[in-house]
Amino acid sequence: EYWFRTDVEFESDWTSGELLERAEYRGGKYGLRKSDMEKVLAEGDGILVMEHEGARCMINWKPETHLVYMLPLPEEELTRRMIARGDKPERIQERLEGMAEEYLTIQALVRDHHATCALDNSGTFIATVEQIKNYILSTRT
């Protein structure tokens, strides 16, 4: 769930310790609220969709977290989609340059925390939340 906060509210959440992490990502400010995560964990399994820095913060907070990563789109497809939605060339270039960092972080998370790629048995990319949930449940022993 997204919470839209003013800059003042966002900074207050950070200084009060309400946020596990905060990041500026592609022009927006994002944070992972402890209270939201504690609620999800109290209810049992939950699926969070987050970028690579958020995943790293979640692992630092709860090392037992099971990560299922989704690789960024290939450059050509990402560029095509960004052009189609009207992004400016500078924004497209910034996004493409950020992909290298994303790949490095994903590699480190896989190496250090046994993250797995969201592929089914046939090698097909898993796309829906229900498919991801079923995948996670199938990997438990």
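Just wondering, is there one or more residues in the range 34-52 that are modelled with pLDDT of 85 or more, more than 23 Å from ALA108 (Cα to Cα) and in contact with a strand residue (DSSP E or B) (Cβ under 7 Å, 6 or more places away or on another chain)? Checked the range 34-52: at least one residue is modelled with pLDDT of 85 or more, more than 23 Å from ALA108 (Cα to Cα) and in contact with a strand residue (DSSP E or B) (Cβ under 7 Å, 6 or more places away or on another chain).
Across the range 61-90, what is the number of residues that are in contact (Cβ under 8 Å) with a residue 12 or more places away in the chain and either touching a Gly at 6+ places or on another chain (Cβ under 8 Å) or open to solvent by 50 Å² or more (accessible area, probe 1.4 Å) (or both)? Can you show your working first?
As a first pass, look at the range 61-90 and keep what is in contact (Cβ under 8 Å) with a residue 12 or more places away in the chain: 61-63, 65-72, 75, 78-79, 82.
The next check asks that each one be either touching a Gly at 6+ places or on another chain (Cβ under 8 Å) or open to solvent by 50 Å² or more (accessible area, probe 1.4 Å) (or both); those that pass are 61-63, 66, 69-71, 75.
The qualifying residues number 8.
Give the number of residues within the range 76-115 that are outside any helix (DSSP H, G or I) and of a type outside the set (D, E, K, R). Counting residues in the range 76-115 that are outside any helix (DSSP H, G or I) and of a type outside the set (D, E, K, R) gives 3. When ALA55 is tested against the conditions (1) closer than 20 Å to LEU137 by Cβ; (2) at pLDDT 70 or above; (3) open to solvent by 100 Å² or more (accessible area, probe 1.4 Å), the lone failure is (3).
The values are calculated or read from the model by the stated rules, or taken from the named source; none is laboratory data. Source: prediction; values computed, not measured. Positions of Cβ are generated from backbone atoms using ideal geometry, with glycine treated the same way; all protein chains shown enter the neighbour counts. Note: areas computed on protein heavy atoms with side chains; ligands, DNA, RNA excluded. Shrake-Rupley method; radii C 1.70, N 1.55, O 1.52, S 1.80 Å.
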